[in-house]
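Structure first, then comments.
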Amino acid sequence: MNDSDGPCHPDTQTPRHPRTALVTGGAGLIGSHIVDRALAAGWDVRILDNLQRQTHRDGKPPWVSREAEFVRGDVRNRKVWERALEGIDVVFHQAAYGGYMPEIAKFIDSNGVGTALMLETIRDRELPVRKVVVASSQAVYNEGAYRCPDDGHFYGRTRPIAQLERGDFAMHCPTCGAASAPAPTDEEAPTGGENVYAISKMVQERLAVSWGRATGIPVVALRYSCTYGPRQSLFNPYTGVIAIFCTRLANDLPPVVYEDGRQSRDLIYVEDVARANLLVANDPRADGQIFNVGTGEAAGIGDLARLLAAKLGKPIEPEIPGAFRPGEMRALISDASRIGKLGFAPRVALDEGIGRYLDWVRAQGPIAEYFGRAERMLRRRRVVKRARQ
Ligand SMILES: NC(=O)c1ccc[n+]([C@@H]2O[C@H](COP(=O)([O-])OP(=O)(O)OC[C@H]3O[C@@H](n4cnc5c(N)ncnc54)[C@H](O)[C@@H]3O)[C@@H](O)[C@H]2O)c1
Ligand SMILES: [Zn+2]
């Protein structure tokens, strides 16, 4: 089987892969699933995580495996990297500051400078790191790809704020102006980043990939699409649309859906993302490359809110106040055929994944709702705007 991440090559029974992993952000959603998978495959695992309070309000979460070494520290501290990287073969760099926050410096510091310190430490101390897998994001694309009925394929451009203020949320064809349908977005789509998080992830990805070319140390960048599943913070009101909608519904409040609710995203289950990480760590064909990690399926955000309400047994319609976030994409469906050629295919469909996620949510007991207050703050800072209609 091509996408095995087991410890042994099936026909030789001898370990063929490096054995020690550093998972930064290993207490978080994606990192913790990478930790579990790597442990199950026989790796020695170290976690570096600062247990950021916004994500981990109650401190170290119970899912952090005791089989892994835990280093509590901040990626913005060079000394922390020196300690964390000692004896490591492969780094899975997941720690990042995420979401739609008004801070600018903290994003660049955590995601840009934090990554730069890791790269400098490995290079300057001549550490025998054999591969760095860096968590990038679909957010590095300015927009998804689209198809005009008459003019065919094009890469979308960020919609002007004046258009969104008129309540026109569609992506228009640059040739004829027709509203166009989303199409799968490949890795050649223009990148740049239209919000601070996206810019910081772009910086992170570019730093890592170019450093890899310069040093000869293999780097792989994975551009994840929207990832969800058990362990997604129920405290952090700025990330994860499924987690946010669930905490609203659990508190008998309507999910607040931006734009007209017909914007769409590619939602991928966290275990699939973790599997993609182990796959590229074990496959030298991945070295030096950038891969989308997604399902290729579009989920409408309004439909998602209704699906979650139905599954939670709450007859609550989403609230669609016509608000929008400048710089946000209209649609992003991942074309994951490049990583597909290495043998990767997602295994958990949306319905199944949401079921598993809701089972986990129910086991967490009462859930507080942090979104309302967060949204008021984002309006004040103009991260969220309202259409004039
Ligand atoms: N979840 C998604 O939808 C998604 C999509 C695309 C990309 N990503 C990327 O995947 C990675 C993991 O995201 P996640 O969803 O698991 O997020 P998460 O918030 O669940 O986990 C991130 C972890 O990093 C830790 N962390 C944050 N800042 C840190 C710092 N300065 N020093 C040390 N640790 C720090 C946090 O405590 C947390 O445990 C991130 O790089 C993120 O940008 C996530
Ligand atoms: Zn057209």
Subset of the stretch 158-204 [away from ligand 1 (no atom under 16 Å from the Cβ) and outside any loop (DSSP other than H, G, I, E, B)]: Ile161, Ala162, Gln163, Leu164, Glu165, His172, Ala179, Ala181, Pro182, Ala183, Pro184
Give me the residue from the stretch 319-338 that is among the acidic types (Asp, Glu) and not in a strand (DSSP E or B) and, out of that set, farthest from Val293 (Cα to Cα). Glu328
Can we say Asn236 is part of a loop (DSSP other than H, G, I, E, B) and within 13 Å of ligand 1 (Cβ to nearest atom)? yes
Specify the residue that is nearest to Pro326 (Cα to Cα); the eligible residues are those in the stretch 67-113 that are of a type in the set (Gly, Ala, Ser) and touching a helix residue (DSSP H, G or I) at 6+ places or on another chain (Cβ under 8 Å). Gly99
Does Leu39 meet the test of being touching a helix residue (DSSP H, G or I) at 6+ places or on another chain (Cβ under 7 Å) and modelled with pLDDT of 95 or more? no
Taking the stretch 123-165 and keeping only residues that are more than 16 Å from ligand 2 (Cβ to nearest atom), touching a residue at least 60 places away in the same chain (Cβ under 8 Å) and acidic (Asp, Glu), one is left with Glu165
For the stretch 145-154, does any single residue satisfy the condition of being surrounded by 19 or more Cβ atoms within 10 Å (Cβ to Cβ) and either within 16 Å of ligand 1 (Cβ to nearest atom) or in a loop (DSSP other than H, G, I, E, B) (or both)? no
Would you mind stating whether Pro160 is modelled with pLDDT of 95 or more, surrounded by fewer than 22 Cβ atoms within 10 Å (Cβ to Cβ) and either touching a Phe, Trp or Tyr at 6+ places or on another chain (Cβ under 7 Å) or under 26 Å from Ile301 (Cβ atoms) (or both)? yes
Of the numbered conditions (1) within 11 Å of ligand 1 (Cβ to nearest atom); (2) within 29 Å of Val196 (Cα to Cα); (3) in contact (Cβ under 8 Å) with a residue 24 or more places away in the chain, Val64 satisfies every one except a single condition; which is it? (2)
Do we find that Val196 is at pLDDT 95 or above and not basic (Lys, Arg) in this structure? no
Criterion violated by Gly177 - all others in (1) in contact with a Gly (Cβ under 6 Å, 6 or more places away or on another chain); (2) within 16 Å of ligand 2 (Cβ to nearest atom) satisfied: (1)
Can you tell me how many residues in the stretch 297-318 are in contact with a strand residue (DSSP E or B) (Cβ under 6 Å, 6 or more places away or on another chain) and assigned to a loop (DSSP other than H, G, I, E, B)? 1
Is there any pair with a first residue in the stretch 211-231 that is at positive phi and more than 16 Å from ligand 2 (Cβ to nearest atom) and a second that is assigned to a helix (DSSP H, G or I) and among the hydrophobic types (A, V, I, L, M, F, W, C) whose Cβ atoms are under 8 Å apart and which are 6 or more apart or on different chains, and what are they? Gly229/Leu29; Gly229/Val270; Gly229/Trp360; Arg231/Leu29; Arg231/Val270; Arg231/Trp360
Of all the strands (runs of 3 or more DSSP E) wholly in the stretch 21-131, which have at least 3 residues that are surrounded by fewer than 24 Cβ atoms within 10 Å (Cβ to Cβ) and of a type outside the set (Asp, Glu)? 69-72
I want to confirm something. Restricting to the stretch 251-291 and keeping residues that are part of a strand (DSSP E or B) and in contact with a Gly (Cβ under 9 Å, 6 or more places away or on another chain), which single residue is surrounded by the fewest Cβ atoms within 10 Å (Cβ to Cβ)? Val256
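The values are calculated or read from the model by the stated rules, or taken from the named source; none is laboratory data. Treat the numbers as computed from the prediction; the structure is a model and nothing was measured. Note that we place each Cβ from the backbone using ideal geometry, even for glycine, and neighbour counts take in every protein chain shown.
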